[in-house]
Amino acid sequence: MKLLQTIFDIEFEKTVRSWADTIKSNGYSALIHVYIPYDAQFRDEDTRRIRQILKNYVPDVPVIGCSSTGVIFAGQLNDENSVVSITIFEDASTGAIVVPYYARQIGEDAKSALEYARSIPYLRGVELITASSYSQLQPAGKYMDSLPEKIEIFGGVAVGDDKHPAFVFADDYPESFGGSAYVLYYGKELHLLSNRMFGWKPIGYPLTVTKSEGPVVYEIDGKPAYDVYNHYLGIQKDDNFFYDALEFPWEVRIDEETAYLRHAKSVNPDGSILMSSNIPQGSEIHLTYGDPRRIMYHTKQTTLEMKDFAPQVLNIINCMGRKLFWSDKEDVEISVLSKLVNATGFSALGEIMRHKGTSLLNNLSIVTVAMREGPKGEIPEVDIDLFEKSANIPVTARLALFINTISEELIEKNRQLNEMLYKASHDALTGILNRGAIERSIYDYHESGRQDWHLIMFDIDNFKKINDSCGHMEGDNILKNLSAVLSDYVKEIPEASAGRWGGEEFMIFLSGLSDKKVKEIAEALRIKIKTDCSQDRPITISVGVTAHRPDETVRATITRVDELLYQAKNSGKDRVCGD
């Protein structure tokens, strides 16, 4: 297998003719990729001319192409020229079939395309080049994921904007401005290995999507979504919004182990933002920024894996946002990978790769697909530390290091502070408020000048006997179970808080309620604990209830409710005593 490339210039027709001679004289099969700069001045004319020349000289070679930017040519990213690459398969069993899915007849769905793929012997990989929306890609991805997991699935999203719509094309079919085309790679001796490289890292504090619908995010933390870009980054609502925001995608957190990146596409007049795909309401997000340390690490790891695989051709789908991040050093990652083997590919608006059985649309990543026919061969020696030794990291990249490091330190200090505050206000055993926190609530309310507050104090009957007969571990379990019941019960009462006063004693502070209502609450709590906590043995409580009296100190009210509690205990327990 080998890769040949050329740009569309005055020598293009001559170059294609030489390709045709090589293929015909050796009986090889091949595949052609065509990448057209999405904003080229004469892109339509160039596309027609390139396709016509290919049809004239290599009519039997399948062709797939798209609008693009940052095309990989000679180990560098090329923004100016249309680039045409031909992969020549030298093993007789190897080949590629282009499936222009956008040109299929009405009624033929992705399922039928999948069945066609299954019928191909020695199917090794599926490449998807698309100009479709994310909502259209989701069902296609589910169909593809039903293929055996050993089959590599990869691809990219064609580049375009409002002035220059994205398009794809395949073989002799017309360009499509919203469709997809596939390449099916097959061969008994064909080996493929896909990989992906990230490097974007969360910065700042987590934010919450408080209002969204599909890909449109209306509010973040209760404010217009655009405020995040305007307030923190100074990004304006203008023609450059897409490009400016692309450097600061969102990490959308699914759970503790899973997150994905999504970027903003446009901002609406009402301050809502159209994202690259759906963002569920309630999602926790972070703004992210390229972290050169992580990028360097991923590049080194991928280079090591490539060396071990020993590819003959490398297909790279690089993210447009990643390209913007590196600015005038945009070739730094591509150049390292290209030292191993000839590479083709482009910078896309989204990178597709199947990972752990699921095809995902990635953003701000690099997807690499190594290809080889037959056994491993020799591969050039490459200094894997070359990238990290690159001295001229852009100022923006160094700024990213600073921001990330400061953010990490602030988040860690905030976490430690929250942990300290939690420990200072919560009981270590039961997790509910401790005596200090309850006392602060009472004193703070009293000092505000309001007098309409009550206290309910209770303790567990015969708790010492339980500890003596069953052990302190069982006693601790009873305290924890009772605290959980108490916590759930108090949540339903407005302006109420409860905590462990000490040992087996508990205190509830209530405000704005009548004497009658507080007495009902105390009685209902006594019954609830007796019902919900009496599982292995009867659990009852004795309860004191009192109201704060005008011109009385807080300490006097606390002393009285304590006395009422002991009155309940001395009167037979399992009862409420109030004044």
The one condition T87 fails out of (1) exposed (fewer than 14 other Cβ atoms within 10 Å of the Cβ); (2) within 30 Å of P375 (Cβ to Cβ); (3) not hydrophobic (A, V, I, L, M, F, W, C) is (1)
Breaking point among (1) surrounded by 20 or more Cβ atoms within 10 Å (Cβ to Cβ); (2) closer than 27 Å to V168 by Cβ; (3) among the polar types (S, T, N, Q), for N342: (1)
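Let's see how each residue does on (1) in a strand (DSSP E or B); (2) under 30 Å from P375 (Cα atoms):
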{"position": "V252", "(1), (2)": "yes, no"}
{"position": "Y260", "(1), (2)": "yes, no"}
{"position": "P280", "(1), (2)": "no, no"}
{"position": "Y289", "(1), (2)": "yes, no"}
{"position": "R294", "(1), (2)": "no, no"}
{"position": "T302", "(1), (2)": "no, yes"}
{"position": "G321", "(1), (2)": "no, no"}
{"position": "F325", "(1), (2)": "no, no"}
So if I check each of V485, V518, which one is touching a His at 6+ places or on another chain (Cβ under 6 Å), β-branched (V, I, T) and under 21 Å from K573 (Cβ atoms)? V518
On the given criteria, is P550 without any contact (Cβ under 8 Å) to a residue 40 or more places away in the chain, assigned to a loop (DSSP other than H, G, I, E, B) and either closer than 21 Å to S441 by Cβ or open to solvent by less than 50 Å² (accessible area, probe 1.4 Å) (or both)? no
Give just the number: which of (1) over 21 Å from the mean Cα position of the chain (by Cα); (2) open to solvent by 40 Å² or more (accessible area, probe 1.4 Å) does T208 not satisfy? (1)
With respect to E495, determine if the residue is open to solvent by 30 Å² or more (accessible area, probe 1.4 Å), acidic (D, E) and under 48 Å from the mean Cα position of the chain (by Cα). yes
Mind listing just one residue for me: the one in region 211-223 that is in a strand (DSSP E or B) and of a type outside the set (D, E) and, of those, surrounded by the most Cβ atoms within 10 Å (Cβ to Cβ)? V217
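Of the residues G475, G502, only one is open to solvent by 10 Å² or more (accessible area, probe 1.4 Å) and more than 42 Å from the chain's Cα centre (by Cα); which?
G502
Answer yes or no as to whether K265 is of a type outside the set (S, T, N, Q) and assigned to a strand (DSSP E or B).
Working: of a type outside the set (S, T, N, Q): yes; assigned to a strand (DSSP E or B): yes.
Yes.
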Which residues, counting only those in region 287-323, are among the aliphatic types (A, V, I, L, M) and either surrounded by 24 or more Cβ atoms within 10 Å (Cβ to Cβ) or in contact with a strand residue (DSSP E or B) (Cβ under 9 Å, 6 or more places away or on another chain) (or both)? L287, I295, M306, A310, V313, L314, I316, I317, M320
Within region 484-509, work out how many residues are touching a Ser or Thr at 6+ places or on another chain (Cβ under 6 Å) and either modelled with pLDDT of 95 or more or closer than 9 Å to I438 by Cβ (or both). 3
I'd like to know if region 384-395 contains one or more residues that are of a type in the set (G, A, S) and either modelled with pLDDT of 65 or more or loosely packed, with under 13 Cβ neighbours inside 10 Å (or both). yes
Please find, among S82, S93, S112, the residue that is polar (S, T, N, Q) and at pLDDT 95 or above. S82
Across region 147-184, which residue is surrounded by the fewest Cβ atoms within 10 Å (Cβ to Cβ) among those that are among the aromatic types (F, W, Y) and not in a strand (DSSP E or B)? F177
Breaking point among (1) at pLDDT 85 or above; (2) open to solvent by 10 Å² or more (accessible area, probe 1.4 Å), for I273: (2)
Can you tell me how many residues in region 30-49 are touching a helix residue (DSSP H, G or I) at 6+ places or on another chain (Cβ under 8 Å) and under 23 Å from Y185 (Cβ atoms)? 4
Where a residue in region 517-541 is of a type in the set (D, E) and its partner, wherever it lies, is not in a helix (DSSP H, G or I), with Cβ under 7 Å and at least six apart: E523/V576
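Based on what the data block shows, is E127 within 32 Å of the chain's Cα centre (by Cα) and acidic (D, E)?
When the stated conditions are applied, E127 passes them.
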Does region 70-84 hold any residues that are under 31 Å from the mean Cα position of the chain (by Cα), open to solvent by 10 Å² or more (accessible area, probe 1.4 Å) and of a type in the set (A, V, I, L, M), and which are they? L77
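The values are calculated or read from the model by the stated rules, or taken from the named source; none is laboratory data. As the structure is a computational prediction, the values presented were derived from the model and not from experiment. Here Cβ is always computed from backbone atoms with ideal geometry, including for glycine, and neighbour counts include all displayed protein chains. All accessible areas refer to the heavy atoms of the entire protein, side chains included, with ligands and DNA or RNA removed. Shrake-Rupley method; radii C 1.70, N 1.55, O 1.52, S 1.80 Å.
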